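Visitor: One structure, pasted below without further comment.
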Amino acid sequence: MEGDLSAPEEKTEVAASPTCCVTGATGYIGSWLVKLLLERGYKVHATVRNPEKALHLLQLWNGGDRLRLFKADLLEEGSFDEAVKGCNGVFHVAASMEFDANTNETIESYVRSNIIDPAIKGTENLLESCLKSKTVKRVVFTSFISTITAKDSNGNWRSVVDESCQTTIDPVLNAKASGWVQSCCAEACERVKLLY
């Protein structure tokens, strides 16, 4: 079945192993995801910022010819084109890891220009590459529970929480509660994802 992402061992021997792309493959979640997919028989296209620094992962992950590394940059349009080509599914785990604040700018300005805007652009670039590929059937995004709210506009608790239950960025940005940077970033990207 085209687009089926069930584990290869659950399919007949005639069917080829599905191929998945994992962005941010050298990060904590990304690296475990690559390992798990390989263990389950998938072919994996792993995106990294610098393939030369990640070559040791080819041996560590023991993927053989089922694992390929691709250089990709969140901010570079078309950067994911080759990585998603031929993939059935994509796991988007990559995120901007720029945390050196310039003392000449406010924290809000810094977070917006160095974390939120790159995350939005990276999400757009990845989704455009997926659309161009014509083979990607599913895209899975990592996010945070803080991107949703269980209360309606009147402050009443909802019994069902879904995509319509998004929190807005401004209150999070103003309150700056624990995890506010990740929440703002994830909320901004959630809006982009829903446009596709």
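The values are calculated or read from the model by the stated rules, or taken from the named source; none is laboratory data. A quick note: this is a predicted structure, and the numbers were derived from the prediction, not measured. Positions of Cβ are backbone-derived with ideal geometry, glycine not excepted, and every protein chain shown enters the neighbour counts.
Visitor: If GLU77 satisfies all but one of (1) within 15 Å of CYS130 (Cα to Cα); (2) among the charged types (D, E, K, R); (3) assigned to a helix (DSSP H, G or I), what's the number of the condition it fails?
Guide: Result: GLU77 fails condition (3) only.
Visitor: Sticking with this one: Within the stretch 56-74, which residues are among the charged types (D, E, K, R) and not in a strand (DSSP E or B)? Steps first, answer last, please.
Guide: Of all residues in the stretch 56-74, those among the charged types (D, E, K, R) come to 65-66, 68, 71, 73.
The answer is ASP65, ARG66, ASP73.
Visitor: Still on this structure, please answer the following. Cβ contacts < 6 Å: first residue in the same structural domain as LEU127 (by TED's automatic domain parsing) and more than 9 Å from GLY24 (Cβ to Cβ), restricted to the stretch 74-95; second residue in a loop (DSSP other than H, G, I, E, B) and acidic (Asp, Glu), any location; separation 6+ or different chain. Result?
Guide: If the second residue must be in a loop (DSSP other than H, G, I, E, B) and acidic (Asp, Glu), the pairs left are SER79/ASP73.
Visitor: Now a separate question. Can you name every residue in the stretch 17-55 that is assigned to a loop (DSSP other than H, G, I, E, B), out of contact with any strand residue (DSSP E or B) (no Cβ under 9 Å at 6 or more places or on another chain) and basic (Lys, Arg)?
Guide: The answer is ARG40, and nothing else.
Visitor: On to the next question. Among the residues of the stretch 14-53, count how many are among the aromatic types (Phe, Trp, Tyr) and more than 17 Å from VAL139 (Cβ to Cβ). Walk me through it before giving the result.
Guide: Within the stretch 14-53, the subset among the aromatic types (Phe, Trp, Tyr) is 28, 32, 42.
Among the residues that remain, those that are also more than 17 Å from VAL139 (Cβ to Cβ) are: 28, 32.
Adding up the residues that qualify gives 2.
Visitor: Would you tally the residues in the stretch 19-54 being among the aromatic types (Phe, Trp, Tyr) and modelled with pLDDT of 95 or more? Break it down stepwise before answering.
Guide: Filtering the stretch 19-54 down to residues among the aromatic types (Phe, Trp, Tyr) leaves 28, 32, 42.
Retained after the next criterion (residues that are modelled with pLDDT of 95 or more): 42.
Result for the stretch 19-54: 1.
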